[in-house]
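Data first, discussion second: the structure below is written as structure tokens.
The values are calculated or read from the model by the stated rules, or taken from the named source; none is laboratory data. Predicted model, so just to flag it, every value in this text is computed and none were measured. Cβ placement follows ideal geometry from the backbone for every residue including glycine, while neighbour counts extend to all protein chains displayed. Just the protein is used for accessible areas: all its heavy atoms, side chains included, with ligands, DNA and RNA removed. Shrake-Rupley method; radii C 1.70, N 1.55, O 1.52, S 1.80 Å.
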Amino acid sequence: MLIGFASCEKDDICIFNPLTPKLVIGFYDQDNPETLKTVESLSIWVEGKERIYENASLSSIELPLNSFDTQTVYQLSKGTSIISTLTINYTPQEDYVSRSCGYRFIYNDLTLGSDASWISALNPTNLTVINSQTEHVQIFH
Amino acid sequence: MYKFFINFCFLFVFVFGFSQEKKSILNKKSEKDSIIYTSPYGLRVGLDLSKPVFSLLENGYTGFEIVADYRLSKRFFIASEIGSEEETVVEDYTNSTAKGNYLKLGFNFNAYNNWLDMNNEIFLGMRYGFSLFDHVRNSYTPNIGDFYFPNQRINIPLKTTNLTAHWTEFVVGLKAETFKNIFVGFSLSYKIIMRIDDPENFKTLYVPGFNRVYQSDTGFGFNYSISYTIPFVNK
């Protein structure tokens with residue numbers, strides 16, 4: 001009876017938000033690759049759009065990917081002047097969830113590139129983005 | 001011959017079930033055997049009126065159903081429904097249409113004790129249901145959950161044909177004889193999916209004859225029918 005009730009609820013209201021995962025990036029110390037290292041005064045945006053992070057001090061970030069393209073290019077600035085470009089390539093795939101949630105996107109075949117600025121190295125740890133709970137990329141600086 | 005045999009079996013059960021009243025029944029029969037009330041046995045066919053009405057009222061729905069039953073014994077009827085339905089399911093993120101035909105076959109048991117020559121029913125029944133249908137995903141909007149990049153509605157229809165569904169149905173209802181041999185009936189049903197085909201990377205949200213498929217693979221239905229008995233014999 002309780003299970004029946006719960007499943008009817010699930011059917012009507014989408015409780016799995018946000019459904020489409022974001023790319024989770026961790027910032028690590030280039031001299032000590034095992035430890036997280038906070039980036040001071042970090043700003044992130046896509047060229048021509050508003051900033052997702054502005055002047056933040058973070059060691060882990062979540063970035064949305066453009067589901068209707070196979071590439072998203074982010075600008076990452078540390079401080080005021082040093083800007084690095086992060087290019088993320090992927091294959092978006094529609095994944096049906098349920099009546100109330102509809103379709104989400106997941107991203108396969110993740111590849112990354114950056115121009116060498118304050119980012120010294122990139123290490124994709126997960127080549128598929130299916131949830132926002134696990135880290136997908138390590139950035140060393 | 002079969003009918004006779006089944007009737008005979010049923011009579012046997014009946015007498016057993018009310019064994020303490022056996023004597024009085026027998027007495028009554030022997031006392032006034034000049035009046036014997038009979039009821040018609042035959043094929044009853046009709047139409048579910050709710051479906052054409054909903055076709056007119058509800059946007060995105062058309063349906064038609066023929067109902068039929070055949071009286072086997074005093075209380076048992078073989079019952080069947082055959083029909084066709086089309087329904088467009090509009091959800092927050094998807095818009096899809098299911099269209100197809102269905103057949104239900106089973107029995108009804110009349111639990112009502114009629115007075116004199118009355119011929120009404122309060123029945124319990126079971127059905128096996130089968131549907132053959134097509135499914136079209138008309139459009140969908142991906143659930144991105146973030147507004148940094150623009151979302152878009154995708155209007156490319158995707159059709160999947162020859163999907164099937166099998167289910168079990170429990171029915172409870174009543175039928176009243178309004179004029180001679182003309183019955184008006186109302187019934188409710190609870191349905192459980194046994195097997196269902198889903199389109200690739202989607203789910204069947206509606207099955208003709210089954211109605212909305214809930215996440216627990218169950219469904220509900222109702223029926224408002226008017227039917228006519230073609231009497232073969234009075235017993």
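As for segment A:97-105, it holds no residue that is modelled with pLDDT of 85 or more, open to solvent by 30 Å² or more (accessible area, probe 1.4 Å) and over 20 Å from B:Gly145 (Cα atoms). Taking the listed residues B:Gly219, B:Gly185, the one that is in the same structural domain as B:Arg71 (by TED's automatic domain parsing), touching a Ser or Thr at 6+ places or on another chain (Cβ under 6 Å) and among the small types (Gly, Ala, Ser) is B:Gly185, with no other qualifying. Of all residues in segment B:58-117, those satisfying the criterion of being in a strand (DSSP E or B) and basic (Lys, Arg) are B:Arg71, B:Lys99, B:Lys104.
Would you pick out the residues in segment B:35-57 that are in a strand (DSSP E or B), charged (D, E, K, R) and touching a Gly at 6+ places or on another chain (Cβ under 9 Å)? Spell out the reasoning first.
Residues of segment B:35-57 in a strand (DSSP E or B): B:40-48.
Among the residues that remain, those that are also charged (D, E, K, R) are: B:44, B:48.
Listed by number, the list holds a single entry, B:Asp48.
Restricting B:Val233, B:Val171 to those that are assigned to a strand (DSSP E or B), in contact (Cβ under 8 Å) with a residue 60 or more places away in the chain and either open to solvent by 40 Å² or more (accessible area, probe 1.4 Å) or among the aromatic types (Phe, Trp, Tyr) (or both) reduces the list to B:Val233. For segment B:185-216, taking the residues that are more than 11 Å from chain A (Cβ to nearest Cβ) and either of a type in the set (Asp, Glu) or assigned to a loop (DSSP other than H, G, I, E, B) (or both), the one that is farthest from B:Asp69 (Cα to Cα) is identified as B:Asp197. Would you check which residues across segment A:40-56 are within 14 Å of chain B (Cβ to nearest Cβ) and open to solvent by less than 40 Å² (accessible area, probe 1.4 Å) and list them? Listed by number, the residues that qualify are A:Ile44, A:Trp45, A:Val46. For segment A:57-81, which positions are within 12 Å of another protein chain (Cβ to nearest Cβ), assigned to a strand (DSSP E or B), open to solvent by less than 10 Å² (accessible area, probe 1.4 Å) and not β-branched (Val, Ile, Thr)? Matches in segment A:57-81: A:Leu63, A:Tyr74.
Taking the criterion of being within 9 Å of another protein chain (Cβ to nearest Cβ) and either open to solvent by 40 Å² or more (accessible area, probe 1.4 Å) or within 30 Å of B:Leu105 (Cβ to Cβ) (or both), the residues of segment B:148-168 that qualify are B:Pro150, B:Asn151, B:Gln152. Consider segment B:90-109 and keep the residues that are more than 14 Å from chain A (Cβ to nearest Cβ) and open to solvent by 60 Å² or more (accessible area, probe 1.4 Å). The one that is farthest from the chain's Cα centre (by Cα) is B:Lys99.
Quick one: is A:Cys8 within 9 Å of another protein chain (Cβ to nearest Cβ), modelled with pLDDT under 90 and buried (at least 16 other Cβ atoms within 10 Å of the Cβ)? So A:Cys8 does not fit the description; no.
Based on what the data block shows, is B:Ile122 open to solvent by 60 Å² or more (accessible area, probe 1.4 Å), touching a Lys or Arg at 6+ places or on another chain (Cβ under 9 Å), among the hydrophobic types (A, V, I, L, M, F, W, C) and without any contact (Cβ under 8 Å) to a residue 40 or more places away in the chain?
Considered against the rule, which asks whether it is open to solvent by 60 Å² or more (accessible area, probe 1.4 Å), touching a Lys or Arg at 6+ places or on another chain (Cβ under 9 Å), among the hydrophobic types (A, V, I, L, M, F, W, C) and without any contact (Cβ under 8 Å) to a residue 40 or more places away in the chain, B:Ile122 comes out as no.
Of all residues in segment B:175-196, those that are buried (at least 16 other Cβ atoms within 10 Å of the Cβ) and not β-branched (Val, Ile, Thr) total 7.
So in segment A:82-117, with the set limited to residues that are of a type in the set (Gly, Ala, Ser) and closer than 23 Å to A:Gly26 by Cβ, which one is farthest from the other protein chains (Cβ to nearest Cβ)? Walk me through it before giving the result.
Of segment A:82-117, the ones of a type in the set (Gly, Ala, Ser) are A:84, A:98, A:100, A:102, A:113-114, A:116-117.
Those still in the list that are closer than 23 Å to A:Gly26 by Cβ too: A:84, A:113-114, A:116-117.
Details: A:Ser84: 19, A:Gly113: 20, A:Ser114: 20, A:Ala116: 26, A:Ser117: 23 Å.
Filtering segment A:82-117 for residues that are of a type in the set (Gly, Ala, Ser) and closer than 23 Å to A:Gly26 by Cβ, the one farthest from the other protein chains (Cβ to nearest Cβ) comes out as A:Ala116.
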